[in-house]
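The values are calculated or read from the model by the stated rules, or taken from the named source; none is laboratory data. Please read these numbers as outputs of a predicted model, since none were measured by experiment. For neighbour counting, all protein chains shown are included, and Cβ atoms are generated from backbone atoms with ideal geometry for every residue, glycine included. Accessible surface is based on the protein model in full, side chains and every heavy atom, while ligands, DNA and RNA are left aside. Shrake-Rupley method; radii C 1.70, N 1.55, O 1.52, S 1.80 Å.
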Amino acid sequence: MGLLSTRRGFLKVGGLVGAAGMVGTGGCTLFGRKYPHVGGLRCEPLETVKVGVIGLGMRGPGAVYRLSAIPGVRVTALCDIFEARVNKCVDWLKDNEHPAPTRYFGGSEEWKKLVEDPEVNLVYVASPWQLHVPMVKFALEHDKHVACEVPMVFTVDEAWDIVDLAEKHRRHCMLLENCCYGESEMLALNMVRHDVFGTLVHGEGAYIHDLRGWNFVGGSYEGFWRLKWNALHTGNPYATHGLGPICQYMNVGRGDQMRVLTAMNSGGFGFPEYVAHHKARIEKLATDSKGHKYGMSDAAALRGPWAQGDMCTAIVKTELGRTILVQHDTTSPRPYTRINLISGTKGILCDYPLRIALDPDYKAPHLGWANDAQMKEILAKYRHPLWKESGAIAKKLGGHGGMDFLMDLRLCHCLQNGLPLDINVYESCQWSVLAELTEKSSKRDGEPVTVPDFTRGAWREIAPLGIETVDLTIDKNAKAGSQMSV
């Protein structure tokens, strides 16, 4: 293959092999040194996945409980600023006959000790957003595989740093985008792979979730970190829930690629009105709160103003001419939706509620949504095998209806078997980096912004994600996530 231009010189990609589109074990040559192309390389299998979880606030404890149920996986280390959070998870593990992990707590740098722990080979980052990048980079620098809650990065430069580190250290780096494992999303993926919708034309994804109350409760987002982000930034900082599944349907990064986007933000009306209505309570919070890091005090975040508009709408165009609409709104009283729409030349699937309309024979009728009987038939025929085989135990073990467990299950299965991950480092960075790109475009009233190609052209060679599953045997007496209060 010829030389492909890159931000930092030239990359010569090695041979790509097999139906899975894996990059050959010869890897690639970057500045004369042999590095693997992590997006396709099969790293050495891990006999036991030894997980260290950083952050035991909203997301971390659930990960501890789910991971401990997977055969061949052991939670070996836990870290949080608060000792009580660590002890609660340790006690749960001991009570359920798991070995006690090493505890790290107290100081703001304790997480580094967890990363350096020789009994950790997978670092699982569940900390506030602003800590994701330093933690991911430190883990890769210490030759650890790393999985990170969304979003992984916020700027283009951060993304390139992480891609380069993953390639240099030959370690996987996965965005923990649980929505790619939702039952409706995996149904859509299976239908796409069976060509039910024909040539894909357009997709829509969103994160529309009323978080006004959560933003103004310090226990929900420790130190009001999410509110502080809204105070300082506009654009879409949380695009991946809606965007990730659409990219997998369209093979973005694996046969197609984002090329350009444009974004616009509405004004910010929701927070000021909410604060005005709850003035006394929020003023008390602002008076009682202490200053934290991330550039501003709790009081300033609580009182505003906030740079974030209520609705950010972005349109992405791909190299093959497809379009993707991505929206973000966490300050309006709207019912939750990720939209999850995929439209092609033979039909459409749209979620919330789930609806499907098909024209497989190009008869061009006055198309309507499938009725209940037709939907039942479609769902039975195209339910994703992973949900067929593991859906019951996933729902029992919990995590957003089971999709969190299936995400962790697939991650660990791939690490144990030396397989490429379902979400590679290039996708992880590109989906996340819409934070900076949408902010840049919206500040310029929708001016088009080029989307970086973190694969450096290799997206043309990497085959799409297949219909993957797992041979699963789990103790049927495993406790459900709903029983694991945090």
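On the given criteria, is Ile246 within 15 Å of Leu325 (Cβ to Cβ), touching a Leu at 6+ places or on another chain (Cβ under 9 Å) and of a type in the set (Val, Ile, Thr)?
Numbers: within 15 Å of Leu325 (Cβ to Cβ): yes; touching a Leu at 6+ places or on another chain (Cβ under 9 Å): yes; of a type in the set (Val, Ile, Thr): yes.
Judged against the criteria, Ile246 is a match.
Only one of (1) under 19 Å from Gly399 (Cα atoms); (2) at pLDDT 95 or above is not met by Leu46, so which one is it?
Of (1) under 19 Å from Gly399 (Cα atoms); (2) at pLDDT 95 or above, only one is false for Leu46: (1).
Return yes or no: is Ala77 touching a Gly at 6+ places or on another chain (Cβ under 9 Å), buried (at least 22 other Cβ atoms within 10 Å of the Cβ) and not β-branched (Val, Ile, Thr)?
For Ala77, the condition - touching a Gly at 6+ places or on another chain (Cβ under 9 Å), buried (at least 22 other Cβ atoms within 10 Å of the Cβ) and not β-branched (Val, Ile, Thr) - is met.
Within the stretch 186-233, can you find the residues that are under 19 Å from the mean Cα position of the chain (by Cα) and either among the hydroxyl-bearing types (Ser, Thr, Tyr) or in a helix (DSSP H, G or I) (or both)?
Step one: filter the stretch 186-233 for residues under 19 Å from the mean Cα position of the chain (by Cα), giving 186-189, 203-209, 211, 221, 225-226, 229.
Once the filter is applied, which keeps residues that are under 19 Å from the mean Cα position of the chain (by Cα) and either among the hydroxyl-bearing types (Ser, Thr, Tyr) or in a helix (DSSP H, G or I) (or both), the stretch 186-233 yields Met186, Leu187, Ala188, Leu189, Tyr207, Tyr221, Trp225, Arg226, Trp229.
Please state which of the following conditions Tyr65 fails to meet, knowing it meets all the rest: (1) open to solvent by 20 Å² or more (accessible area, probe 1.4 Å); (2) aromatic (Phe, Trp, Tyr); (3) out of contact with any His (no Cβ under 9 Å at 6 or more places or on another chain).
Among (1) open to solvent by 20 Å² or more (accessible area, probe 1.4 Å); (2) aromatic (Phe, Trp, Tyr); (3) out of contact with any His (no Cβ under 9 Å at 6 or more places or on another chain), Tyr65 violates only (1).
Yes or no: the stretch 368-390 includes at least one residue that is of a type outside the set (Ser, Thr, Tyr), over 26 Å from Cys173 (Cβ atoms), in contact (Cβ under 8 Å) with a residue 60 or more places away in the chain and not in a helix (DSSP H, G or I).
Checked against the condition, which is being of a type outside the set (Ser, Thr, Tyr), over 26 Å from Cys173 (Cβ atoms), in contact (Cβ under 8 Å) with a residue 60 or more places away in the chain and not in a helix (DSSP H, G or I), the stretch 368-390 yields at least one hit.
Any idea which of Leu397, Leu406, Leu358 is hydrophobic (A, V, I, L, M, F, W, C), at pLDDT 95 or above, within 22 Å of the chain's Cα centre (by Cα) and buried (at least 18 other Cβ atoms within 10 Å of the Cβ)?
Leu406
Can you tell me which of (1) closer than 24 Å to Leu140 by Cβ; (2) crowded, with 24+ Cβ neighbours inside 10 Å is the one Ser441 doesn't meet?
(1)
Give me the residue from the stretch 239-270 that is in contact with a helix residue (DSSP H, G or I) (Cβ under 8 Å, 6 or more places away or on another chain) and of a type in the set (Ser, Thr, Tyr) and, out of that set, nearest to Ser432 (Cα to Cα).
Thr240
Among the numbered criteria (1) within 11 Å of Gly52 (Cβ to Cβ); (2) among the hydrophobic types (A, V, I, L, M, F, W, C); (3) open to solvent by less than 20 Å² (accessible area, probe 1.4 Å); (4) part of a helix (DSSP H, G or I), which single criterion is violated by Trp111?
The number of the failed condition is (3).
Could you please tell me which pairs satisfy a Cβ distance under 8 Å, a separation of 6+ or placement on different chains, a first residue in the stretch 444-456 that is on the phi > 0 side of the Ramachandran plot, and a second residue that is modelled with pLDDT of 95 or more and open to solvent by 40 Å² or more (accessible area, probe 1.4 Å)?
Here the result reads Asp445/Met264; Gly446/Thr262; Gly446/Met264, each pair linking the stretch 444-456 to a residue that is modelled with pLDDT of 95 or more and open to solvent by 40 Å² or more (accessible area, probe 1.4 Å).
How many residues does the stretch 281-330 contain that are touching a Leu at 6+ places or on another chain (Cβ under 8 Å) and of a type in the set (S, T, N, Q)?
Summing the residues that are touching a Leu at 6+ places or on another chain (Cβ under 8 Å) and of a type in the set (S, T, N, Q) in the stretch 281-330 gives 3.
Say whether the condition of being more than 25 Å from Arg170 (Cα to Cα), among the aliphatic types (A, V, I, L, M), touching a residue at least 24 places away in the same chain (Cβ under 8 Å) and touching a strand residue (DSSP E or B) at 6+ places or on another chain (Cβ under 8 Å) is met by at least one residue in the stretch 74-85.
Checking the stretch 74-85: at least one residue is more than 25 Å from Arg170 (Cα to Cα), among the aliphatic types (A, V, I, L, M), touching a residue at least 24 places away in the same chain (Cβ under 8 Å) and touching a strand residue (DSSP E or B) at 6+ places or on another chain (Cβ under 8 Å).
For the stretch 426-445, how many residues meet the condition of being small (Gly, Ala, Ser) and either at pLDDT below 95 or more than 22 Å from the chain's Cα centre (by Cα) (or both)?
2
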